[in-house]
2 protein chains.
Amino acid sequence: MKTVGVIGGMGPAATLDFLIKLHAATPAASDADHLHVITDNDPRRADRNAAMRADGPSPAPSIVATVHALIAAGAEVIVMPCNAAHAWAGELVAAAGPVPFVSIVDAAVAAVRVAAPGTTRVGLLAVEATHEARLYHDGFGADVTILAPDMAAFMPLIFAVKAGDTGPDVRAAMAAQAAALVAAGAEVLLAACTEVPLIFGPDDATVPVVSATDALVTATLAAAL
Amino acid sequence: MKTVGVIGGMGPAATLDFLIKLHAATPAASDADHLHVITDNDPRRADRNAAMRADGPSPAPSIVATVHALIAAGAEVIVMPCNAAHAWAGELVAAAGPVPFVSIVDAAVAAVRVAAPGTTRVGLLAVEATHEARLYHDGFGADVTILAPDMAAFMPLIFAVKAGDTGPDVRAAMAAQAAALVAAGAEVLLAACTEVPLIFGPDDATVPVVSATDALVTATLAAAL
């Protein structure tokens, strides 16, 4: 088994959600069967949306510093349970050198292709930065149309989760965003912000829902076991 | 806020339980209000019970190496959400040097004194190593009698949790252990194994229940905020 290094804190609750799901998905009959996971859950990395708008500093220096610290501590595989931060994956991969990085974008694209074979319209429940960086546009390629939620309504839901609100109103509002994407033609919904699965799941939609977090869990296990 | 370093993996689910409770207990209106927490969740540290029986290697070298790695990564406060491993707290504190260590034993003793003022009989839901190392005997002092569960029945429940079983049978069996301690005179129950709160809580007993995990959360926040 390889030691997994986790670049966390974007946000901290989403990082814990990933860690819980990674633990639950690991086949284990005792403590020793679980992965060795080193997590730097730093909630004060620079805002990804502001950076993408050129309205704030880049999170890359913090991500790069964490990569170095995780590798120094023994990490043999690096993951980052935050979709938007993958806009700086190039800097991350350069810092990691020979240590492999498991991309949440690659994992989620593969999971969508399994859940909705041949789909041409993906509803992307992701923040501004993820859309603006075209992470999933590039990940899926030209044959897939990416449908975006109403950012003026969607972004406050993510900040609500970050403020600790995962109550029924926030859940209902996220389900409404998803329903609007389906009404606009989405054949599959991709929860591509790690806060989204905290308030939205397969039972909340009429089309298949893929969680990028779950996809990263599966890909992390494949890389580490 | 100080960066918290967590010596985890004993066991890995208990470490996640601590992290979730630390997150939930932190007053926060956004990501940035949460603590920066670096966790080395290493589930393959040497078995504490075997080491205490002189029947296996000591976990101290692994704990000491993690202390050094956490401090190198930026930790300014060290915690270890495992009661039994506090038998090696001396080695840990020596390795940490000027970086403070928040003891789960000190935190739990203080919490019991608040929950059950003047108590003289504490039911200690803790593994063999914790009893044999007399961590809580020494923590409470001579005025408090420590009552131990039936280890032949108690230890398999901890291993069941470590194997992922937190179902009703395991919960009922832990409640029966607690009830036996109350029948033997325990005025308060101290869940002093970080696996215990995963299957046992205040609603499962007729006397006050103190969770050492919760006490460590409170003490960690006090040290870091």
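Numbers at a glance
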{"read-out": "Cβ-Cβ under 8 Å pairs, at least 6 apart or on other chains, the stretch B:31-42 side more than 7 Å from chain A (Cβ to nearest Cβ), far side of a type in the set (V, I, T) and surrounded by fewer than 24 Cβ atoms within 10 Å (Cβ to Cβ)", "value": "B:D33/B:T26; B:L35/B:T3; B:L35/B:T26"}
{"read-out": "Qualifying residue in the stretch B:26-42 (condition: more than 29 Å from A:H68 (Cα to Cα), touching an Asp or Glu at 6+ places or on another chain (Cβ under 8 Å) and surrounded by fewer than 17 Cβ atoms within 10 Å (Cβ to Cβ))", "value": "yes"}
{"read-out": "Lone unmet requirement of (1) in the same structural domain as B:P57 (by TED's automatic domain parsing); (2) of a type outside the set (S, T, N, Q); (3) in a helix (DSSP H, G or I) for B:P98", "value": "(3)"}
{"read-out": "Every residue from the stretch B:63-79 that is within 19 Å of B:L16 (Cα to Cα) and out of contact with any helix residue (DSSP H, G or I) (no Cβ under 7 Å at 6 or more places or on another chain)", "value": "B:T66, B:L70, B:A75"}
{"read-out": "Scan of the stretch A:25-60 for residues that are among the charged types (D, E, K, R) and either in a helix (DSSP H, G or I) or in contact with a Gly (Cβ under 9 Å, 6 or more places away or on another chain) (or both), ordered by number", "value": "A:D31, A:D33, A:D40, A:D42, A:R44, A:R45, A:D47, A:R48"}
{"read-out": "Set A:D138, A:D169, A:D165: member being free of Cβ contacts under 8 Å to residues at least 60 places away in the same chain, surrounded by fewer than 17 Cβ atoms within 10 Å (Cβ to Cβ), part of a loop (DSSP other than H, G, I, E, B) and of a type in the set (D, E, K, R)", "value": "A:D165"}
{"read-out": "Condition check for B:I63: assigned to a strand (DSSP E or B), of a type in the set (A, V, I, L, M) and in contact (Cβ under 8 Å) with a residue 12 or more places away in the chain", "value": "no"}
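To keep it simple, each residue is scored yes or no on (1) within 14 Å of chain A (Cβ to nearest Cβ); (2) in contact with a Gly (Cβ under 8 Å, 6 or more places away or on another chain); (3) of a type in the set (K, R); (4) over 27 Å from B:V77 (Cβ atoms).
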{"site": "B:A95", "(1), (2), (3), (4)": "no, no, no, no"}
{"site": "B:P98", "(1), (2), (3), (4)": "no, no, no, no"}
{"site": "B:F140", "(1), (2), (3), (4)": "no, no, no, no"}
{"site": "B:M151", "(1), (2), (3), (4)": "no, no, no, yes"}
{"site": "B:P156", "(1), (2), (3), (4)": "yes, no, no, yes"}
{"site": "B:A160", "(1), (2), (3), (4)": "yes, no, no, yes"}
{"site": "B:D165", "(1), (2), (3), (4)": "yes, no, no, yes"}
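The values are calculated or read from the model by the stated rules, or taken from the named source; none is laboratory data. Since this is a predicted model, take the numbers as computed values, not measurements. FYI the Cβ positions are ideal-geometry reconstructions off the backbone, even for glycines, and counts take in every protein chain you see.
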